[in-house]
1. Which members of segment 31-68 meet the condition of being more than 20 Å from residue 131 (Cβ to Cβ) and not in a strand (DSSP E or B)?
2. Go through segment 82-134 and give me each residue that's over 20 Å from residue 146 (Cβ atoms), free of Cβ contacts under 8 Å to residues at least 24 places away in the same chain and part of a strand (DSSP E or B).
3. Of all residues being over 14 Å from the mean Cα position of the chain (by Cα) and surrounded by 15 or more Cβ atoms within 10 Å (Cβ to Cβ) in segment 84-98, which is farthest from residue 141 (Cα to Cα)? Just the residue, please.
4. Just name the residue that is farthest from the chain's Cα centre (by Cα) out of those in segment 131-142 that are closer than 18 Å to residue 67 by Cα and at pLDDT 95 or above.
5. State which residue is surrounded by the most Cβ atoms within 10 Å (Cβ to Cβ) when the search covers only segment 102-122 and only residues that are at pLDDT 90 or above and over 16 Å from the mean Cα position of the chain (by Cα).
6. Please enumerate the residues belonging to segment 128-141 that are exposed (fewer than 13 other Cβ atoms within 10 Å of the Cβ) and closer than 25 Å to residue 44 by Cα.
7. For residues in segment 142-155 being without any contact (Cβ under 8 Å) to a residue 60 or more places away in the chain and in a strand (DSSP E or B), which is surrounded by the most Cβ atoms within 10 Å (Cβ to Cβ)?
């Protein structure tokens, strides 16, 4: 009788452990879609600093790689407006269960517009390189925060953005 009870308990324990392992594996699944937003300070060559914002969406290919599409209002001050659409690849390196560092590399289609009332408006645009570095902390499987620095080549100058943001994964 004791042998049957022992075997039943061992069998139940093995089933419970395998179910727990499967549940843990599912919660650690790092693939899928996410959205987010950033706000920070933009340093545009030859201009005063301004507040920049970015709205983004992306797809985590796996734990270490993601692709991201974003729209940024880099600068809007004193009659100067600089915006950008960006497509970047992200390489992530987890340092712990919830903390990781990442690098970004991709292209940004930017547009700059300057209002000069007596002379009219001037526009310039282009597609140039963008890259950055950051850290991310995940509070849960669905919610994380980021701190990052990213630079954009804008015409003959650079726009450097230092920002904080949130990420929501589906």
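The values are calculated or read from the model by the stated rules, or taken from the named source; none is laboratory data. Keep in mind it's a predicted model, so treat the numbers as computed, not measured. Methodologically, a virtual Cβ is constructed for each residue, glycine included, from the backbone with ideal geometry; neighbour enumeration extends over all protein chains shown.
1. 31, 46, 47, 48, 49, 62, 63
2. Correct list: 107, 120, 121, 122, 123, 125, 127.
3. 84
4. Step by step, filter segment 131-142, then rank; the result is 131.
5. 110
6. Within segment 128-141, just 129 meets the criteria.
7. The selected residue is 150.
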